[in-house]
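> I'd like to ask some things about the structure below.
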Amino acid sequence: MGALRIWLMAARPRTLPAAISPVLVGSAAAASQLITTSGNSETGGFIHIEFFDWLNFVAALVGAIFIQIGTNLANDYSDAKRGADT
């Protein structure tokens with residue numbers, strides 16, 4: 001088995017949705033708050049849309065993924081030291 005495949009298996013990609021979904025839900029909630037209105041439609045109110053900060057979104061997403069992978073690797077190391085899961 002190749003070294004890359006071993007690292008990929010140790011990272012346990014099937015657990016990554018547990019890290020990605022909170023970032024997606026939180027970002028969607030934040031994005032929904034970027035649209036504001038002033039006045040009302042009868043008096044000629046307007047809609048103001050602020051810009052979504054994609055850099056912060058990507059940074060949070062990448063950070064969450066790396067934290068999840070690091071946690072998986074630390075768990076495997078701990079299990080190997082204790083002789084669990086063997």
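The values are calculated or read from the model by the stated rules, or taken from the named source; none is laboratory data. Remember, predicted model here, so these are calculated numbers, not experimental data. When we count neighbours, we look across all protein chains shown, and the Cβ atoms used for this are built from the backbone with ideal geometry, even at glycine.
> Somewhere in segment 17-32, is a residue modelled with pLDDT of 70 or more, in a strand (DSSP E or B) and either farther than 20 Å from ASP79 by Cα or not basic (Lys, Arg) (or both)?
Taking segment 17-32 and keeping what is modelled with pLDDT of 70 or more, we get 17-32.
Then keep just the ones that are in a strand (DSSP E or B); that gives none.
No, segment 17-32 has no match at all.
> Given the options GLY45, GLY83, GLY2, name the one that is in contact with a Gly (Cβ under 9 Å, 6 or more places away or on another chain) and modelled with pLDDT under 95. Step through it out loud before you land on a result.
Details: GLY83 fails: in contact with a Gly (Cβ under 9 Å, 6 or more places away or on another chain); GLY2 fails: in contact with a Gly (Cβ under 9 Å, 6 or more places away or on another chain).
Just a single option satisfies the conditions, and that option is GLY45.
> Are there any pairs with C-beta distances below 9 angstrom linking a residue in segment 54-66 that is on the phi > 0 side of the Ramachandran plot and part of a helix (DSSP H, G or I) to a residue that is exposed (fewer than 12 other Cβ atoms within 10 Å of the Cβ) and not basic (Lys, Arg), with the two at least 6 apart or on different chains, and if so which?
none
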